[in-house]
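Structure first, commentary second.
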Amino acid sequence: MLRYTLKRLFSLILSLAVASVVIFAVIEIAPGDPASFMLGMNAQPETLAALRSELGLDVSKVERYFAWTSGMLTGDFGTSYTYRTPVIDMIRDRLWVSLPLALYALVISTLVAFPAGIYAASRRGQAGDIGIMGATQLGVAVPNFWFAMMLVLIFAINLRWFAAGGFIGWDAGFWKGLHALTLPAIALALPQAAILARVMRSSLLDVLGEDFMRTARAKGLSSRQALWRHGLRNALIPVLTIIGLQFSFLLAGSIIIEQVFYLPGLGRLVFQSISARDLIVVESVVMLLVFSVILVNFLVDLAYAAVDPRLRSRT
Amino acid sequence: MKRNLILGGLLSALFVLAALISFAWTPYDHTALDIPNKLKTPYANHLLGTDHFGRDLLSMIMVGARTSIAVALVAVGIGMGLGVPLGLWAAARSGSLVDEVIMRGNDLVFAFPSLVIAILITAIFGAGAVNAIIAIGIFNIPVFARITRGAALSLWQREFILAARVAGKNAARISVEHILPNVTNLLIVQGTIQFSLGILAEAGLSYVGLGAQPPTPSWGRMLADAQTLVSIAPHMALVPGFAIILTVLGLNLMGDGLRDYLDPRLRVART
Amino acid sequence: MTLLSIENLSLSIHQFDILHDVTLSIAAGEIVAVTGESGSGKSMTALATMQLLPKGAHTTGRIVLGDREITALDETTLCTMRGNDMGMVFQEPMTALNPVQTIGAQVAETIRIHDRTITRAEAFDRAAETLTRVGLPQDRFPLGRYPHELSGGQRQRVVIAMAIALQPRLLIADEPTTALDVTTQAQILDLLKRLAKEDDMGLLMITHDLAVVADMADRIVVMRNGKIVEQGETGHLLRHMRHPYTKMLFEASGHRVNLPAAPAPAPLMRVERVIRDYRLPRTSVFGAPGSFRAVDDVSFTIQRGERLGLVGESGCGKSTLTRALLGLEQVQGGSIMLDGEPVFTGTRPNLAVRRKMQVVFQDPFGSFNPRHRVDRLITEPFHLLPDPPSGAARTRAIDEALLAVGLTPRDATKYIHEFSGGQRQRIAIARALIIRPDLILFDEAVSALDVSVRAQILDLLAELCGAYDLTYLFISHDLSVVRTVTDRVLVMKSGKIVEEGLTKDVFERPQHPYTKTLIDAAPILPDIGVPA
């Protein structure tokens, strides 16, 4: 188990290193010098040079890469070109919106998908199964931001149960904050829940066809007992993979959903920074997104080993 | 379940047809402003109503279908064109350094959701439909590489491949002659699914302004326009929304139908 | 006293008739073997008895266990009987256990599911006793082991432990040893016999292997196409077979062929001190990866015109050796020369050597590309020729090859799924013959076939030996087949050749202890006086 963890950890670090090089290189290709962009067309060469050295732009690219990465390791993401404030502060505030939103959506999606998938699998071919599969087919086809607009129209504008947008902040209390994130989280979660329910169902159906399920029945387990005791844990292995992959979709989706609800999250930050050509912020936010995706997949790998003893003993 | 195939095929064909017809004819010029008739709900003159500039929504949907289909189709092409050979190569050299590099590269690309790729591209080149194609296309590469490799690996275990090796054929020739024909069903089905995902992704990117730019019409941007007006003119959001849903639904049904028709045991990746 | 009686059982699944009017009975302590070829309905008889039939199954007739009519019971009652009154053992031990649960938990589950009052600790104690009873003592196989840590034979013991934990009155074993090696098979059969005797348990054995049937059953039931063709007490039935199908089955199982005499020795392939190592996955992050020696210092020679056998159990290295002989993989030591030239020449195969050698594989379903027609399939080896025949010459070659293996030229335009397993093996032989190789490797080439089909393919081999002067290496785990189609035999164990000699000598006077074990373990078909 330790060896397995170490191996995964090594692969995590390697992925992060490569990802950081890719992101850094891409941003380096971006045209325009941030310093001259900030000072405008008529800047004096001396002021320009001073600003460039203040921003750390006057050293070689390799040095800048290591300054950027080592800075990130110590929590120093550099200084925003436009706001002249530490990037880390800007990100921290936004992260407190985006991260809870993604997690909230993940919880909703799992809570909806697991029972739906299990129910459908246990009633294969019956009305319940066909109904759930039809609903998921629709759920997969609905764009989450459009679904979000419909939720706003119904629950915020017509029924007035929720605010149409904005975020009052966690200072107003945990439940109020959660309430404000509920519509966005539902919008984000449902299309993913549809996919997850389908995967859960097909994975369970695969397991139901396995020899050991027949062995379990021969022992005297009812088909329902066999499903819960032997089917579920085996079916979980492919489902975990999808949950890991979905996290990256949830993060990306949250960037779009924040636009619908005017939430002050990472997505808004990124779009503002792109239009202001505040590339250091873009660079850091992208790195953070990629980091969280890689981290989640690392955690999924560990969860695999917890579920499947064959992985623990191998490698 | 032939019903899926027929229903899905009809829905998809409807939108492809709409896109094709739009080259020759649309009810109105999709850019023509008609302020007196703005925000009309559907009626005889404008079957799907008009937007806040009085533009005909049906015409915009028809022309927008072109963008959606073109972006998604090219993105699937990029994904297949690069992903399938990579997957075949990795499977043929399974366990080697090449395989390891290709698979780790795939994992890495998976860590960049297409939206993030689009953000990076936009940061460099600015926004545009081509960005959307590249972003979605790049994300499709590992999808196709993975499923191709997975299917090819199990084929490489089969004795008919061993027989071909005994007949002196090299890995490249075996991949093309024996492996590829046996994974085409899988690729067709996965291609349909990626096509529908591409349409969703393009709409999302256009909605946040990273995709098609004016005056190129696009369903995603129509929704962005509709957002502020959703309380007074819900049809502006409903029309493009249903266009997206029906197209994606049609393609997904067609994919499922094709799978059941070609081979129900195909392992298709859905994310 | 009758324990189980099946009366006039008929079964159809989605309108397909599977069983027709099956009647048989088992007494306590009695071993009844149901035998027949694939599609005979023998496994479905077993599943019907457990009432574990697939969806869409419709049965008529009665199945009575003790005093209860199983066919009339509801699912809840059946659940209380399965595992308690009747247990079942399946064919494939590798997949019959839940991979994510310990063996202790899986055995204890049988106990706990039928007795809610028992504590977890008590159930595990009894699981430990049961595992010890089936030959998995706690000091070597603690309850916390996972299935993947056990061998096939050990897993089958776990499955048996689950089935007999509550000492059911009836045990059903569906091909319990088909997936196992011959020495393991003998142990599992002994275990089943012992358990049936100790617990006075009725044992319903489903098997295709007539030698196993004759060896252990008290009574034999022969089935064909869902019907019982003949049944009776073992000794009586063996002496007085009435039905022609039964006679054919027994004749085919012990089928002997007459090989033409081999020509004077002249070496064709020389294998000298061959070593084949596999790299194992790294076991530590910094240590060097370990390696596994699959073929260890193997030397032998194949003479031109000779029929050589290679026998060994799974994992002995015979498949690895086969791939090395074919020049598909590099060896780590020694040399393999065919007609004086090395068979392995790096990534670019030496076609001149390759064209002297062909192979026939085991799996009649997996050895052909399903998307090609027969003419393209069997001409694939033409790729090895510098100047492959085309046009009329190609057609002539195809026709000739198909005719040689007992098919017709018309078959050339068909796809592989249109053929039966036996026909596919004929096509595989045609593919091997078409370039007239000097040497053919038969890799378990008849192992997947039913006995009657197997006998026909063996006849075909003997016939081709006469017509084409074949030289072949016949690789198999099946001693009885190797015995009849080879002149000389090699016995392989753990990567080494432990014995080599004329087939007759080795089988009659084995020298090496392993060869003796192997021959002793193989169940023997009794001499029943059927004309061979």
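The values are calculated or read from the model by the stated rules, or taken from the named source; none is laboratory data. All values derive from a computational prediction rather than experimental measurement. Glycine gets a Cβ as well: all are built from the backbone with ideal geometry, and neighbour counts include every protein chain shown.
So the values come out like this:
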item	result
Qualifying residues in the range B:209-230 (those that are β-branched (Val, Ile, Thr) and without any contact (Cβ under 8 Å) to a residue 24 or more places away in the chain) - the one nearest to the other protein chains (Cβ to nearest Cβ)	B:230
Output for the range C:158-171, where each listed residue is part of a helix (DSSP H, G or I) and of a type in the set (Gly, Ala, Ser)	C:161, C:163
Flag if residue B:105 is under 30 Å from residue A:250 (Cα atoms), small (Gly, Ala, Ser) and within 14 Å of another protein chain (Cβ to nearest Cβ)	yes
Those residues of the range C:119-135 which are basic (Lys, Arg) and either free of Cβ contacts under 8 Å to residues at least 24 places away in the same chain or not in a helix (DSSP H, G or I) (or both), in sequence order	C:120
Flag for residue A:151 being aliphatic (A, V, I, L, M) and closer than 30 Å to residue C:107 by Cβ	no
In the range C:94-115, residue nearest to the chain's Cα centre (by Cα) [restricted to those that are more than 9 Å from chain A (Cβ to nearest Cβ) and not basic (Lys, Arg)]	C:103
Output for the range C:65-93, where each listed residue is touching a residue at least 60 places away in the same chain (Cβ under 8 Å) and within 8 Å of another protein chain (Cβ to nearest Cβ)	C:83, C:84, C:87, C:88, C:90, C:92
Residue count for the range A:1-55, restricted to those that are within 19 Å of residue A:66 (Cβ to Cβ), in a helix (DSSP H, G or I) and either more than 14 Å from chain B (Cβ to nearest Cβ) or in contact with a Ser or Thr (Cβ under 6 Å, 6 or more places away or on another chain) (or both)	4
Sole residue being over 30 Å from residue A:144 (Cα atoms) and either touching a residue at least 60 places away in the same chain (Cβ under 8 Å) or among the polar types (S, T, N, Q) (or both), chosen from A:72, A:90	A:72
Residues of the range B:175-190 satisfying the condition of being β-branched (Val, Ile, Thr) and buried (at least 22 other Cβ atoms within 10 Å of the Cβ)	B:179, B:183, B:189
Subset tally (residues that are in a helix (DSSP H, G or I) and facing another protein chain (nearest Cβ under 10 Å)) for the range B:144-173	11
Strands (runs of 3 or more DSSP E) enclosed by the range C:416-503 - at least 3 residues per element that are in contact with a strand residue (DSSP E or B) (Cβ under 8 Å, 6 or more places away or on another chain) and surrounded by fewer than 19 Cβ atoms within 10 Å (Cβ to Cβ)	C:496-502
Odd one out for residue A:84, checked against (1) in the same structural domain as residue A:208 (by TED's automatic domain parsing); (2) of a type in the set (Lys, Arg); (3) surrounded by fewer than 14 Cβ atoms within 10 Å (Cβ to Cβ)	(1)
Matching entry among A:213, A:150 (being within 30 Å of residue C:50 (Cβ to Cβ), of a type in the set (A, V, I, L, M, F, W, C) and at the interface with another protein chain (Cβ under 10 Å from one of its Cβ atoms))	A:213
So residue B:115, is it in a helix (DSSP H, G or I) and in contact with a Gly (Cβ under 8 Å, 6 or more places away or on another chain)	yes
Residue among B:48, B:58, B:33 that alone is surrounded by 15 or more Cβ atoms within 10 Å (Cβ to Cβ), part of a loop (DSSP other than H, G, I, E, B) and modelled with pLDDT under 90	B:48
Residue satisfying condition, being within 30 Å of residue A:272 (Cβ to Cβ), of a type in the set (A, V, I, L, M, F, W, C) and not in a helix (DSSP H, G or I), within set B:203, B:212	B:212
Residues being closer than 13 Å to residue B:149 by Cα, without any contact (Cβ under 8 Å) to a residue 12 or more places away in the chain and either part of a helix (DSSP H, G or I) or within 19 Å of the chain's Cα centre (by Cα) (or both) - total across the range B:71-98	2
Breaking point among (1) within 11 Å of another protein chain (Cβ to nearest Cβ); (2) over 23 Å from residue B:170 (Cα atoms); (3) not small (Gly, Ala, Ser), for residue C:407	(1)
Verdict on residue C:62 being more than 14 Å from chain A (Cβ to nearest Cβ), out of contact with any helix residue (DSSP H, G or I) (no Cβ under 6 Å at 6 or more places or on another chain) and of a type outside the set (Val, Ile, Thr)	no
Count - residues of the range A:15-53 that are over 23 Å from the mean Cα position of the chain (by Cα) and touching a residue at least 12 places away in the same chain (Cβ under 8 Å)	13
Number of positions in the range C:324-365 that are at pLDDT 85 or above and touching a Lys or Arg at 6+ places or on another chain (Cβ under 7 Å)	11
Candidate set: the range C:358-393, residues that are without any contact (Cβ under 8 Å) to a residue 60 or more places away in the chain and of a type in the set (Ser, Thr, Tyr); chosen: the one farthest from residue C:429 (Cα to Cα)	C:390
Residue check, residue C:321 modelled with pLDDT of 90 or more, closer than 30 Å to residue C:453 by Cβ, more than 14 Å from chain B (Cβ to nearest Cβ) and in a strand (DSSP E or B)	no
